[in-house]
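The values are calculated or read from the model by the stated rules, or taken from the named source; none is laboratory data. Since the model is a prediction, treat every value here as computed from it, not as a measurement. Neighbour counts run over all protein chains shown; Cβ positions are idealised from the backbone, glycine included. For the accessible areas, the whole protein counts, side chains as well, though only heavy atoms, and no ligand, DNA or RNA atoms are used. Shrake-Rupley method; radii C 1.70, N 1.55, O 1.52, S 1.80 Å.
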Amino acid sequence: FRWHPESLVAVALVQNADGDLTPMGGTEIAFYDVFAMRAGVGDLQFFGGVGVRAGRVNVDTSFSTHNTLGISSMVSVNVALGSDS
């Protein structure tokens, strides 16, 4: 569901490792196509992250909680190559 072009709310049923369906939900809000924040919850786990875009470079970081692993995180850097046309 989008209540604004920069805002998104999502709800889904996802099959977990045991084969059970579990409900999940989350939201993302973007600011001026430069900065974005997101958060979600599902199966007693929490997810979140932020992204920043500067020209052709996009840096994204996220985290997730796990019942057995604790907290895990990821950082990615994407650089667009080629022309914009």
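Data table
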read-out	value
Residue ranges of strands (runs of 3 or more DSSP E) in the chain with at least 2 members touching a Phe, Trp or Tyr at 6+ places or on another chain (Cβ under 7 Å), open to solvent by less than 70 Å² (accessible area, probe 1.4 Å) and of a type in the set (S, T, N, Q)	57-66
Residue list for segment 13-45, filter: farther than 23 Å from V77 by Cα and among the hydrophobic types (A, V, I, L, M, F, W, C)	L13, V14, A17, L21, M24, V41, L44
Close pairs from segment 63-80: first closer than 21 Å to V34 by Cα, partner of a type in the set (D, E, K, R), Cβ under 6 Å, at least 6 apart	S76/D60; V79/R56; A80/R56
Condition check for V41: modelled with pLDDT under 90, of a type in the set (A, V, I, L, M) and in contact with a Gly (Cβ under 7 Å, 6 or more places away or on another chain)	no
